[in-house]
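What follows draws every value from the coordinates through simple rules; no lab data is involved. Treat the numbers as computed from the prediction; the structure is a model and nothing was measured. Neighbour counts run over all protein chains shown; Cβ positions are idealised from the backbone, glycine included.
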């Protein structure tokens, strides 16, 4: 299978990340995942201390909270073009979970509603991470993506 | 060559004090330059597969419970050949002293220690208090991964029988001493998984009939170190009525928290026969026709 087939159907931003991972050995994939964990942006102030505004992702091995905003969804005709914004919170003791969140932030934040909803549900399995962290642990990222898409669907409905 | 035990006085009451080392002891070994020699290898074993990479005790090498110690295909531990490879490439020989530490109050460190015991590795110890205590004390952490020179570790056949229980044996053991170390909600059957943890696929909730509920964390102090021998005896002997000569089975969800209790009963209280049922609730709660009890017991 070529890298192109592995990443078919991914938006360009996510595809680029998948290609980066695909080019690395299993050990170096962990290092790249750690970079994503290190670079996960802090929650903006308006969400800090407001757990009720965040959705908890129970499927992750460690607690992860996320918030989804859709900018400019008021216009029904253009709601598919509205912009998706993502916010995550996970503790430093949970670097794997933070790394998954970091990939989704980098790959999805700023995409349109239509682009996010078109992402295949099995996208988390296309980063070659199964080998590096075990497929079992990838279920957390699958759950994050599912919940993000669900929120995007709700928040873009006019 | 094994290194000398930690003669710290807080350990002297335990049945096998040589199975524990303090953070002070480990810091001293670091300053002597012994860590990473053929005498002493320090291993980090965490639940989070990336935690070691965020920073670890200098000279420590990572071992992952899932990728290194579990068989990649069937639900079992690795075989002797793979175990020899995992240890050999970390510079561990058959007579090397191994000190293991990890996150979550050493669950995964105790799990790794238990797997090492299946292969009869003689000198394997836990860092009391684990990763959290080392970090809380402000001790040095590094992201430098040490280069290990591979050594030859012999291919040893795994000997499961003395410390590992299988489902049929557990079925025959019902009514004899059995400790369920999960949370009270998992024991009663209200929860199918640990609070705050993902559902890991059990069809039924509850516990093995007549098992006693002793959550693993009762053996740990606030700082993640083990409680004193007298405190542990008050729980397991006085309150639960267990005796060191009993034949005990411990279980949890996949065998990691019960490794912690296995360590306590075996090495701190000196029980002769303790077996960890690693199939645990993810096997029992899915098995057809096995008896289940619900409620707080």
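Quick notes on this one:
- Average beta carbon contacts from partner chains per residue of B:224-236, 10 Å cutoff: 0
- Each DSSP beta bridge with both residues in the protein assembly as shown is either parallel or antiparallel, and the antiparallel ones are about 35%.
- Under a Gaussian network description of chain A, with springs only between Cα atoms under 10 Å, the residue in A:119, A:103, A:148 that fluctuates furthest is A:119.
- Across the protein assembly as shown, counting alpha-carbon atoms alone, Rg and Dmax equal 23.6, 75 Å.
- A protection proxy built from the mean count of other Cβ atoms within 10 Å ranks the segments B:232-239, B:173-180, B:44-51, most packed first, as B:44-51, B:173-180, B:232-239.
- Neighbouring partner chain Cβ atoms per residue of B:46-59, average, 10 Å criterion: 6
- Structure remark: mean-square fluctuation, Gaussian network model of chain A, C-alpha springs under 10 Å; the largest value among A:77, A:67, A:101 belongs to A:77.
- Other protein chain Cβ atoms within 10 Å, averaged over every residue that makes up A:89-98: 4
- Candidates B:58, B:72, B:244, ranked by Gaussian network fluctuation over chain B, Cα under 10 Å, top entry: B:72
- Tail fraction, Cα-Cα pairs, chain A, threshold 20 Å, whole percent: 48 percent
- One way to sum up the overall shape of chain B is the equivalent ellipsoid from its Cα gyration tensor, whose semi-axes run 31, 21, 18 Å, largest first.
- Based on DSSP H segments of at least four residues, each scored -39500 (n - 2.57), chain B has a per-residue ellipticity at 222 nm of -6000 deg cm²/dmol.
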